[in-house]
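The values are calculated or read from the model by the stated rules, or taken from the named source; none is laboratory data. This one's a predicted model, so the numbers in the text were calculated from it and none came from an experiment. Don't worry about glycine lacking a Cβ; one is built from the backbone with ideal geometry, like all the others, and counts go over all protein chains shown. With ligands, DNA and RNA removed, areas are computed over all heavy atoms of the protein, side chains included. Shrake-Rupley method; radii C 1.70, N 1.55, O 1.52, S 1.80 Å.
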Amino acid sequence: MGRRRWTALAALAVVALLLGVAAGVTWNYSSLVLVPDHDERFYEEEVRASSPGRVVLERDEDTERPGIYGLEWEGGHAIAGRVVDSDADTVTRSLRRLRRLRGHLPAGTKVELDQDVYSGDPRQARGLPFERVSIKGELGALPAWRIPGRGSTWAIFVHGINGSPRAGLRIAPALRRAGLPSLLITYRNDPGAPPAPDGLHHLGMTEWRDVEAAARFAVRRGARRLVVIGYSMGGAIVTQFAQRSPLARRLSALVLDAPALSWKPIFDFQAGERGLPKLTSTALETAIDLRIPIDWDRLDALRHTAELDLPILLFHGLEDDVIPISISDGFANRLPDSVTYHRVPHAGHVESWNVDPRLYERRLRDFLRKRL
C-alpha cells in the first residue's frame, strides 16, 4: 500500500509539474497578444550583395514575393522594389534609398522586409502636406497626422497591433486624390499615446473608443461623413466602432485589410501554424480571460453582421500566415450585397497593397467613387 501511495503521489507531482509548465507557456503566449511591444525588430534576411539601385538577398518566400517593401537595417532604411533577377539561392530587387536616412548596405547585413514600406512623416515619405494634431481621447491626448483634402467625407486610418500611423502612408496619396481629408491616428498603448489603465491591449474591446474620439475630432473640423479603414487588429477596432458608437451613423463605408474579425479562429490557426494542439488556443483564451475583461461574442464580427450592413471594401492576402483568410471568406459570404471582396494572390499579412499598389489603389478609388 505504501509503495502504491508513493507511486500515485509521484504521478500527481509529475502531472502538476506539466500543468504548471503548460500554464506558464500559455501565460507567456497570452503576453505576446496582450503586452504592447513597439521595439521588436526581426533582422532575419541577409544581404548577399548590393550595388547602386540593386540589392541581392537570400531567397525565401518573403524576399521573392512580388511588389514593394521597406528594407530596414540597423541605422538605415531603403525601399526594395520589384524582383529583377533570381536564382536558386538569391533574389535581386531594385533598391531606392530614402534621402533623409543614411546607411550602408554591405554584404552580410541583416535586414527586415517591412510591409509598411515608408519611413518618416507624410511629407518626408510621400510628399504630402499634413498637420500634426492632438485628438482628445478618454485617456488623454492621442497624436495623429491630418492630411487635408477637398471633400466633406473624411477617412480615418486605424493600424494593427503594435503598429503605427506609418502603415497608412501606403494609401494616403490615393485617399488624397479621391478628395478625402485623412486622419492617420494612434490609439491607447501606442508610442506617444496614453497607456491603457492595465497597460494591455484589449483586442478592440476598448480601443474603438479612440476611433470614436477621432471621429468626433473630424466632425468638429467639418466632416459630414466618414470612411473608416482598419488593417489587421484595426479591423477588429473599427468594426467595434461601427457596432457600438453613436457616431457610426456618419459612416459611409468601411475599408478592411486582413481584418481580425473573429479572434478564436485566429488562435486556432496560429496553434496549427506552430504544430500545437487545438487545446492550446482554448488555454490561451482562458489566460486572456483571466487578464482582461473580454466579451468574445461581441468581438466576433461574423456573429454581428446585421450590425455591419453598410458598404465594405475587403482585402485579404491568399498567403496570410497571421489571420486565416477563411474568416474574411465567411464574412463576405454573410454580407454578399454589402461587401466588395478581393482575395489577393501572393500577398502575406496586410500586404495586398504591396504586391500590386496600382491595382489596390484602383480598386480603392473605384469603391470610393461608387459609394461616395
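Values for this structure:
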quantity	calculated
Estimated [θ] at 222 nm from DSSP helical runs (n ≥ 4, -39500 (n - 2.57)) normalised by residues in the chain, nearest 500	-10000 deg cm²/dmol
Solvent-accessible area of residue 282 with every protein chain in place, 1.4 Å probe, in Å² to the nearest 10	70
Probe 1.4 Å, all protein chains present, accessible-area order of 71, 247, largest first	247, 71
Vicinal HN-Hα couplings computed from phi for the range 154-169 (Karplus, 6.51 cos²θ - 1.76 cosθ + 1.60; Hz; Gly/Pro x)	9, 9, 10, 9, 10, 7, x, 4, 6, x, 7, x, 3, 4, x, 5
20 Å reach of a label modelled at residue 83, 7 Å along Cα-to-Cβ, counting backbone N of the range 44-68	44-51, 53-68
Gyration tensor (Cα) of the chain, equivalent ellipsoid semi-axes in angstrom	35, 29, 20
10 Å Cβ shell holding at most 15 others, DSSP loop, chymotrypsin sites (Phe, Trp or Tyr not before Pro): longest site-free stretch of the chain	44-295
Phi to ³J(HN,Hα) by Karplus 6.51 cos²θ - 1.76 cosθ + 1.60 over the range 240-257, Hz, x for Gly, Pro	5, 4, 5, 7, 10, 8, x, 6, 4, 5, 8, 5, 8, 6, 10, 10, 10, 10
Under-5 Å amide H pairs with residue 253, H placed in peptide plane, nonlocal only	226, 228
Trypsin sites (Lys or Arg not before Pro), loop per DSSP, at most 13 other Cβ atoms within 10 Å - longest free stretch of the chain	279-372
Alpha-carbon radius of gyration plus Dmax, which is the widest Cα pair, for the range 239-372 in Å	16.0, 46
The range 212-285 - Rg (one decimal) and Dmax (whole number), Cα, Å	16.3, 52
Solvent-accessible surface (1.4 angstrom probe) belonging to residue 299, in square angstrom, nearest 10	10
In the range 50-133, the GluC sites (Glu not before Pro) that fall in loop regions by DSSP, at most 11 other Cβ within 10 Å	61, 74
log10 of Debye I(q)/I(0), alpha-carbon scatterers only, for the range 130-258 at 0.13, 0.23 Å⁻¹	-0.43, -1.53
Distant-in-sequence amide H partners of residue 97 (H built 1.01 Å from N, under 5 Å)	79
